[in-house]
Amino acid sequence: MFKKIKSGVLKMKKIAVVMILMMSLLVFVGCSKEEPVAAAKEPAWSITVEGVRDEAVSFTDLDVDKMGTVDAKATMKKKDGTEQEQLWHGVSFKAFLDYLEVKDYNLVIVEAADGYSKEYTSLELENEGCLLAVKVDGKDLTEEDGLVYLVVDGKGSNWWIKNVSKITIE
Ligand SMILES: Nc1nc2c(c(=O)[nH]1)N[C@H]1C(S)=C(S)[C@@H](COP(=O)(O)O)O[C@H]1N2
Ligand SMILES: [Mo]
């Protein structure tokens with residue numbers, strides 16, 4: 001009689017354990033099914049980065065989403081001698097270099113989709129006012145503005161690059 005009750009309790013315990021295992025398996029399968037959907041999100045823009053790995057790597061808005069972004073006031077010296085101050089939002093160039101684990105370099109070449117390009121030194125780029133920007137004065141940059149914009153505080157307009165498409169680190 002005692003034995004029967006005891007084995008009944010054991011049986012229920014076994015069933016409970018099996019049910020918990022099955023439920024966790026279902027949850028696990030459910031989660032792993034959803035992950036590839038999230039990973040398939042298409043980037044809005046992409047920058048080819050050369051000189052950091054053996055092969056070129058892509059840096060996109062999805063990377064920016066994973067990083068800490070900042071706001072910075074930056075002044076552009078215009079051709080007519082006036083200055084324009086705006087509030088830019090994006091990742092600092094220093095944060096971009098850290099993200100890609102770049103330690104030593106001599107020169108950075110930043111190139112735009114239209115072929116415009118310029119060379120920079122660490123002095124120009126590792127300044128708080130140097131960003132890869134995605135917003136200006138609270139507004140998302142449009143395709144016309146150039147979706148990702150190299151902001152170089154205090155420099156002339158020719159230093160600022162719209163639609164950055166390639167960064168080469170030497
Ligand atoms: N992608 C891209 N960025 C660029 C240029 C360019 O030709 N292509 N010209 C540069 C120069 S020389 C100037 S003076 C400014 C002009 O900026 P604006 O078109 O907003 O006046 O953009 C700078 N950034
Ligand atoms: Mo210019």
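Residue by residue, here is whether (1) open to solvent by 70 Å² or more (accessible area, probe 1.4 Å); (2) in contact with a Leu (Cβ under 9 Å, 6 or more places away or on another chain); (3) assigned to a strand (DSSP E or B); (4) at pLDDT 95 or above holds:
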{"position": "Trp88", "(1), (2), (3), (4)": "no, yes, yes, yes"}
{"position": "Val91", "(1), (2), (3), (4)": "no, yes, yes, yes"}
{"position": "Asp98", "(1), (2), (3), (4)": "yes, no, no, yes"}
{"position": "Glu101", "(1), (2), (3), (4)": "yes, no, no, yes"}
{"position": "Glu111", "(1), (2), (3), (4)": "no, no, yes, yes"}
{"position": "Asp114", "(1), (2), (3), (4)": "yes, no, no, yes"}
{"position": "Lys118", "(1), (2), (3), (4)": "no, yes, yes, yes"}
{"position": "Leu123", "(1), (2), (3), (4)": "yes, no, no, no"}
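Here Trp160 passes the criteria (1) away from ligand 2 (no atom under 16 Å from the Cβ); (2) within 18 Å of Lys73 (Cα to Cα) except the one numbered (1).
Annotation note: Cβ proximity below 8 Å between a residue of the range 140-160 that is farther than 16 Å from Asp114 by Cβ and more than 8 Å from ligand 1 (Cβ to nearest atom) and a residue that is open to solvent by 60 Å² or more (accessible area, probe 1.4 Å) and not in a loop (DSSP other than H, G, I, E, B) (sequence gap 6+ or interchain) occurs for Asp153/Lys73; Gly154/Lys77; Lys155/Lys77.
Name every residue in the range 125-154 that is in contact with a helix residue (DSSP H, G or I) (Cβ under 7 Å, 6 or more places away or on another chain), open to solvent by 20 Å² or more (accessible area, probe 1.4 Å) and within 16 Å of ligand 2 (Cβ to nearest atom), in order of residue number.
none
Give me the pairs, please: first residue somewhere in the range 79-95 and in contact (Cβ under 8 Å) with a residue 24 or more places away in the chain, second residue anywhere and basic (Lys, Arg), beta-carbon distance under 8 Å, and either six or more positions apart or on two chains. Matching pairs, first to second residue: Gln86/Lys73; Leu87/Lys73; Trp88/Lys73; Trp88/Lys135; His89/Lys135; Gly90/Lys135. The one condition from (1) more than 13 Å from ligand 1 (Cβ to nearest atom); (2) at pLDDT below 95; (3) among the charged types (D, E, K, R) that Glu170 does not meet is (2).
Selection over the range 60-83 of residues that are surrounded by 15 or more Cβ atoms within 10 Å (Cβ to Cβ) and either among the basic types (Lys, Arg) or within 16 Å of ligand 2 (Cβ to nearest atom) (or both) gives a count of 2.
Looking only at the range 155-170, filter to residues that are over 21 Å from the mean Cα position of the chain (by Cα) and buried (at least 16 other Cβ atoms within 10 Å of the Cβ); which one of those is farthest from Val57 (Cα to Cα)?
From the range 155-170, those over 21 Å from the mean Cα position of the chain (by Cα) are 155-159, 170; that's our starting set.
From what's left, buried (at least 16 other Cβ atoms within 10 Å of the Cβ): 155, 159.
Numbers: Lys155: 28, Trp159: 24 Å.
This residue is Lys155.
The values are calculated or read from the model by the stated rules, or taken from the named source; none is laboratory data. All figures in this text were calculated on a predicted structure; none of them were measured in a lab. All Cβ positions, glycine included, derive from the backbone under ideal geometry; neighbour counts span all protein chains shown. We work out accessible area using only protein heavy atoms, side chains counted, and drop any ligands, DNA or RNA first. Shrake-Rupley method; radii C 1.70, N 1.55, O 1.52, S 1.80 Å.
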